[in-house]
């Protein structure tokens, strides 16, 4: 993870475009300015960043399902639950399953696991639109190649 850059996913472990599922790996860094304020002497991963990790996982699935021509932007999060504290060095497994796609929106059921146990989950809604600029598209495609996206042009 690169928290300061909101790059929450380190690697795509598995993706099934037909089934609409994805599994990603995210390792919480040992050091980050985020932990200086959250909380001094007792660093915890902020819940909002756990939600972002789940959102990015589903976003990678939606990006691939749309042939890398459309991007998913977080629009809404429902029923988010944070069940356990996450600390520097924790290794997370992020899962997302597409439950709706169409009319410019997509919805995923997402969850984060640590040591096989669910630590967070949420329903995430995305607005799916063409890339707003060629520069953003090129930057995004360059980044997703490093994560193990399938068939990136």
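The values are calculated or read from the model by the stated rules, or taken from the named source; none is laboratory data. What you are looking at is a predicted structure, and each value in this text was computed from that prediction instead of being measured. We place every Cβ from the backbone using ideal geometry, glycine too, and count neighbours over all the protein chains shown.
Computed quantities for the displayed model
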item	result
Residue under evaluation residue 77, criteria (1) touching a strand residue (DSSP E or B) at 6+ places or on another chain (Cβ under 6 Å); (2) over 26 Å from residue 136 (Cβ atoms), criterion not met	(2)
Test: residue in the range 32-40 that is within 22 Å of residue 141 (Cβ to Cβ) and either within 13 Å of the chain's Cα centre (by Cα) or surrounded by fewer than 16 Cβ atoms within 10 Å (Cβ to Cβ) (or both)	no
Qualifying residue in the range 40-50 (condition: in contact with a strand residue (DSSP E or B) (Cβ under 8 Å, 6 or more places away or on another chain), within 22 Å of residue 109 (Cβ to Cβ) and in a helix (DSSP H, G or I))	yes
Of the criteria (1) under 15 Å from the mean Cα position of the chain (by Cα); (2) assigned to a loop (DSSP other than H, G, I, E, B), which one residue 111 fails	(2)
Lone qualifier among 72, 14, 19 - being surrounded by 13 or more Cβ atoms within 10 Å (Cβ to Cβ), at negative phi and either modelled with pLDDT of 95 or more or not in a helix (DSSP H, G or I) (or both)	72
